[in-house]
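Enquirer: Got a structure here, written out as structure tokens. Questions coming.
Each reported figure results from applying straightforward, stated rules to the coordinates on display, with no laboratory input. From a predicted model like this one, the values you see are computed outputs, not experimental measurements. In this analysis, Cβ positions are derived from the backbone assuming ideal geometry, glycine residues included, and neighbour counts consider all displayed protein chains.
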Amino acid sequence: MKLLIMGAPGAGKGTQATALADRYGVPAISTGDIFRFNIKNQTPLGVKVKEIIDAGEYVPDDVTEEIVADRLAQPDCEPGFLLDGFPRTMHQVHFLDRYLSERGERLDAVVSLHVEPEALVQRLLDRAIKEGRADDNADTIRRRMEVYAGQTAPLLFHYESKGLLVDVEGTGTVDEVRQRMFGELDAHVSQQ
Ligand code: AP5
């Protein structure tokens with residue numbers, strides 16, 4: 001299976017990604033996690049992207065795409081993959097489409113988690129208290145939401161037009177969302 005999980009900041013992508021990836025025996029690849037790992041370890045990449053991420057902006061496409069290409073070339077991606085947080089721009093969509101078509105491959109589904117904006121902000125503010133993620137402060141959360149709405153939300157139309165979009169209501173307990181997501185995905189796959 002080759003899957004994407006999309007949604008606004010705080011929609012639950014990372015929370016649901018592991019269960020989804022485990023279900024299909026594929027690695028869950030989060031560009032956000034890769035960046036945070038590099039920031040924590042003060043690698044050249046981490047130093048380059050820290051300010052951008054702390055400000056709630058997107059890392060440049062060429063940097064992000066190179067990381068994703070390297071990761072998808074690893075042997076554990078041969079049976080498939082789940083990308084969490086990629087693509088986020090139309091440039092990245094075209095990059096991924098090209099990457100797959102050059103290999104004669106295609107995506108199976110794009111899971112889109114939907115949660116109302118007020119609930120998203122509350123989740124991120126709650127996480128700030130628990131975990132202290134540098135980009136979970138009120139100003140940066142606002143900017144992340146704006147950037148998502150301007151650059152990433154429109155990409156859902158692209159995947160809808162290709163018949164790949166699986167819309168999932170992301171409100172409720174983590175277990176409820178997971179079961180709903182599996183149900184919607186099964187229905188989508190059985191229709192294909
Ligand atoms: P990334 O790490 O992807 O951040 P994000 O999209 O802002 O998403 P979050 O991780 O905040 O939320 P999530 O949807 O994964 O939800 P989560 O499960 O964590 O990216 C960070 C930054 O890296 C970007 O802003 C950008 O700068 C850069 N970047 C990454 N990819 C990029 C790309 N492709 N191009 C350019 N730049 C890129 O849950 C959030 C909270 O809610 C948690 O506390 C969780 O416990 C809680 N929660 C989850 N589900 C529920 C539920 N059902 N009920 C109640 N609480 C819940």
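Enquirer: How many times 2.2 N^0.38 Å is the alpha carbon radius of gyration of segment 2-182?
Expert: That ratio works out to 0.99.
Enquirer: So what is the 222 nm mean residue ellipticity for the chain from helices alone, if each DSSP H run of at least 4 adds -39500 (n - 2.57) and you divide by all residues, rounding to the nearest 500 deg cm²/dmol?
Expert: -17500 deg cm²/dmol
Enquirer: Using only the C-alpha atoms of segment 96-166, find the volume of their convex hull and express it per residue in Å³.
Expert: So the per-residue Cα hull volume is 124 Å³.
Enquirer: Let me ask something else about it. So which DSSP H runs in the chain come out at 30 Å plus along the axis (Cα) with average Kyte-Doolittle of at least 1.0?
Expert: Within the chain not a single helix satisfies the rule.
Enquirer: Ok, one more. May I ask you to derive the relative contact order of the chain, considering only C-alpha pairs under 8 Å and at least 6 residues apart, and to give it as an integer percent?
Expert: So the answer I get is 33 percent.
Enquirer: Now a separate question. What are the GluC sites (Glu not before Pro) within segment 102-168 that DSSP puts in a loop, where the Cβ has at most 12 other Cβ atoms within 10 Å?
Expert: Here the GluC sites (Glu not before Pro) that fit, given the DSSP loop and packing criteria, are GLU105.
Enquirer: Continuing with the same structure: Grab the other residues whose beta carbon is less than 13 angstrom from that of VAL177, score K and R as +1, D and E as -1, and report the net.
Expert: Computed value for this residue: -1.
Enquirer: In a solvent-free Debye calculation with one equal scatterer on each Cα, what is log10 I(q)/I(0) for segment 5-49 at q = 0.24, 0.31 Å⁻¹, listed in the order of the q values?
Expert: Results for segment 5-49 at q = 0.24, 0.31 Å⁻¹ read -0.84, -0.99.
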